[in-house]
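Engineer: Okay, here's the structure, questions in a sec.
The values are calculated or read from the model by the stated rules, or taken from the named source; none is laboratory data. Only a predicted model underlies this, so the values are computations on that prediction, with no experimental measurement involved. Glycine gets a Cβ as well: all are built from the backbone with ideal geometry, and neighbour counts include every protein chain shown. Side chains are part of the model used for accessible areas, which takes the heavy atoms of the whole protein and leaves out ligands, DNA and RNA. Shrake-Rupley method; radii C 1.70, N 1.55, O 1.52, S 1.80 Å.
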Amino acid sequence: MIKAVIFDWAGTTVDYGCMAPVKGFIDAFKSIGFQITEEMAREPMGIAKLDHTRAIAAMLPEPITERQILEAYRVFEETILADIKQYCDVLPHVVDAVASLRQQGIGIGSDTGYTSVMMDEVLPAAAKQGYFPDFCIAPDKVPAGRPYPYMIWQNLVHFGLIDPRQAIKVGDTVADITEGRNANCWTVGVIFGSSELGLTKDQVAVLTADELLQRTAAVRAAYYQAGADYIINDLSELDGVIAAVNVLLDQNAPRKLLTPGPLTTKASVKHAMLTDHCTWDDDYKAITRSVMDDITKISANDDYATVLLQGSGSYAVEAMINCLVPAEDKILFLVNGEYGKRMLSIAQASNRNFEAMSFDMTEPVDVSAVEKKLESCDDIGAVLFVHCETTTGVLNPLAELVKLAKEHDKTVMVDAMSSFAAYEIDVPGLDIDALAASSNKCLEGLPGLSFVIAKKAVLEASEGNSPSHSLDLFDQYQGLYAGGGKFRFTSPTNVLLALRHAIDEYAKEGGLPARKARYIKNHEVLVDGLEALGIHSIVAPEHQSYIISTFELGDLDFARLYSTLKAKGFVIYPGKLTSQPTFRLGNIGDVYPDDMTRLVSVFAKVVRR
Ligand SMILES: *Cc1c(COP(=O)(O)O)cnc(C)c1O
């Protein structure tokens, strides 16, 4: 929730139109022989007044000396101090808006471009009219005024805040907005009474509707370009802004997603998205290549290449099936969950020649049944299956299945979406032909990018296979490798930057062994904790992955369980089994054994109730 609002003074809470400084600067520069315009006087408005004096000096047709600047500033100060009491009218709606904030327990902070000596005149004059903030600071009390965020920091200190997103900066100049953004708090630009509008109340009153529209649109455009979060006409709209920000703060409250994926990601991974890049830029292409190389190294070697593909994991699975298994090859799918079924749907939609062996969803694929099948059918060209079936958390016997298929000389491709980077998969050693995974599972990146790791020989032989233009892995491979790292079509640049950072985080944690150890511990704390509460996993421990687990719902009501956990900061998955009511908990992502302990304690309360 918002805890403090930090108001600017002239033009925001007092002095409609921000007139005092304008008159002060015109007089000041006249005293050293320069006639400046009102626009020149206003342009730097909001910054500390000595800085403001220098900024105007820089606009003069000829350079002036430091002595002249200081002289102009001296005259400015003199003029302001003589006149200021006439310019302390509190703006409409200020007193009511502040009363409403106080009622909501929100602190009233303030900062300014005026010096402390000037504020000594303004503060009592405003107080007489009913406006008195809890805190006020002038730029001479910090190392630098706007656009530096130091005055806002002092406000945060005063109100004892940790998170600047609990504060809103309200102002009437671009400098106010920039200061607020530099402090990373919310920013609000006010149109009427502002220096940016630059009109007195009487001047506003005589404008035609068209003129008014034009003038206010220009102010809006300036605030918008400066990056204001909200733009309001006057402070009567401030309560609405507070309510809207509180909704956002609530919606965006930190929570742990136990729903892979998307899953919980580190703030630094999301932060990595803040730069904009072009698909064809050389720096960006180098980043793209480094991502593909690093992914290849996790489970494969130089005989393999990683081909990134825009889209979620299913896009990579579809591209892998349709581009890398030649159309004439019959595919045998081994299915024991929804993701296996999804491969069937892809094959069906693409009119592929295929067969499926289906197994109980709570059991791994039966190797001996597959062996019999391969011995009895010699028309099968490729065997495809899911490594960790995220539907239940069952782990399929990858090495045994691959060895078996290879003994029968089959092509083998694996959907290793939820196991890649957390399970050792010896892709070259097992001679796996291709493997599909995505950014938003155990690499802990963001959704939007998937990839196929495939033998270069398989990729090079795949020209012309793809029935789809957009999902053509051969074409994509050409662009990304021969083309030096260029995506064929618009690449999700920000998501790729996040993936680059996620891979750095992976290395920092200690790579696969460390990530695996953390997931195993998460899984143990979770399963043991729930078991102690009488909540049982439906998969036998020897077949259970340490990625995601499915539990019997029992007497619990899923909707209630979901909302109770969400209120405590945890988001869970419904079950996907038709045979019995279940729910699922993933333990991958930026989650730790401590989180699992907290989760178990919330469950304990729910169960006891
Ligand atoms: C996540 C996942 C996918 C991809 O699903 P999308 O919804 O396309 O992201 C595919 N297979 C498995 C096993 C998965 O866990």
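Engineer: Take the residues in region 353-379 that are open to solvent by 50 Å² or more (accessible area, probe 1.4 Å) and part of a helix (DSSP H, G or I), then tell me which one is nearest to MET413 (Cα to Cα).
Structural biologist: Result: GLU371.
Engineer: If you don't mind, there's one more thing I want to ask. Identify, from the list LYS266, LYS285, LYS256, the residue that is under 15 Å from LEU446 (Cα atoms), open to solvent by less than 60 Å² (accessible area, probe 1.4 Å) and among the basic types (Lys, Arg).
Structural biologist: On the way: LYS266 fails: open to solvent by less than 60 Å² (accessible area, probe 1.4 Å); LYS285 fails: under 15 Å from LEU446 (Cα atoms).
Checking each option against the conditions leaves just LYS256.
Engineer: With (1) in contact with a Phe, Trp or Tyr (Cβ under 6 Å, 6 or more places away or on another chain); (2) surrounded by fewer than 24 Cβ atoms within 10 Å (Cβ to Cβ); (3) not basic (Lys, Arg) as the list, and PRO492 as the residue in question, which single condition is left unmet?
Structural biologist: (1)
Engineer: Follow-up question, since we're still on this one. Checking the conditions here, which among LEU344, LEU384 is modelled with pLDDT of 95 or more, closer than 23 Å to ASP409 by Cβ and not polar (S, T, N, Q)?
Structural biologist: On the way: LEU344 fails: closer than 23 Å to ASP409 by Cβ.
Residue meeting the stated conditions: LEU384.
Engineer: Continuing with this model, one more query. Scan region 327-352 residue by residue and report those that are farther than 21 Å from LEU401 by Cα and either part of a loop (DSSP other than H, G, I, E, B) or within 13 Å of the ligand (Cβ to nearest atom) (or both).
Structural biologist: In the first step, residues of region 327-352 are kept if they are farther than 21 Å from LEU401 by Cα; the result is 327-328, 345-346, 348-352.
Those that are farther than 21 Å from LEU401 by Cα and either part of a loop (DSSP other than H, G, I, E, B) or within 13 Å of the ligand (Cβ to nearest atom) (or both): ALA327, GLU328, SER345, ILE346, SER350, ASN351, ARG352.
Engineer: Restricting region 97-142 to residues that are among the β-branched types (Val, Ile, Thr) and either in contact with a strand residue (DSSP E or B) (Cβ under 8 Å, 6 or more places away or on another chain) or loosely packed, with under 15 Cβ neighbours inside 10 Å (or both), which is farthest from CYS185 (Cα to Cα)? Give the steps one after another, and end with the answer.
Structural biologist: So the first thing to find is which residues in region 97-142 are among the β-branched types (Val, Ile, Thr), and the list is 98, 106, 108, 112, 115, 117, 122, 137, 142.
From the residues that got through so far, the ones that are either in contact with a strand residue (DSSP E or B) (Cβ under 8 Å, 6 or more places away or on another chain) or loosely packed, with under 15 Cβ neighbours inside 10 Å (or both) too are 98, 106, 108, 112, 117, 122, 137.
Working: VAL98: 19, ILE106: 15, ILE108: 15, THR112: 16, VAL117: 27, VAL122: 26, ILE137: 17 Å.
Going through the qualifying residues, I end up with VAL117.
Engineer: Right, something else. Could you tell me which residue of region 538-572 is modelled with the highest pLDDT, considering only residues that are open to solvent by 50 Å² or more (accessible area, probe 1.4 Å) and assigned to a loop (DSSP other than H, G, I, E, B)?
Structural biologist: If we take residues in region 538-572 being open to solvent by 50 Å² or more (accessible area, probe 1.4 Å) and assigned to a loop (DSSP other than H, G, I, E, B), then LYS568 is modelled with the highest pLDDT.
Engineer: For TRP280, work out the one condition from (1) open to solvent by 40 Å² or more (accessible area, probe 1.4 Å); (2) part of a loop (DSSP other than H, G, I, E, B); (3) more than 30 Å from GLY589 (Cα to Cα); (4) modelled with pLDDT of 95 or more it doesn't fulfil.
Structural biologist: All conditions pass for TRP280, except number (4).
Engineer: Identify all residues within region 495-537 that are open to solvent by less than 40 Å² (accessible area, probe 1.4 Å), of a type in the set (A, V, I, L, M, F, W, C) and within 24 Å of the chain's Cα centre (by Cα); write none if there are none.
Structural biologist: Selection gives VAL495, LEU496, LEU497, ALA498, LEU499, ALA502, ILE503.
Engineer: Against the conditions (1) within 16 Å of the ligand (Cβ to nearest atom); (2) open to solvent by 60 Å² or more (accessible area, probe 1.4 Å); (3) assigned to a loop (DSSP other than H, G, I, E, B); (4) not hydrophobic (A, V, I, L, M, F, W, C), where does TYR315 fall short? Just the number, please.
Structural biologist: TYR315 satisfies every listed condition except (3).
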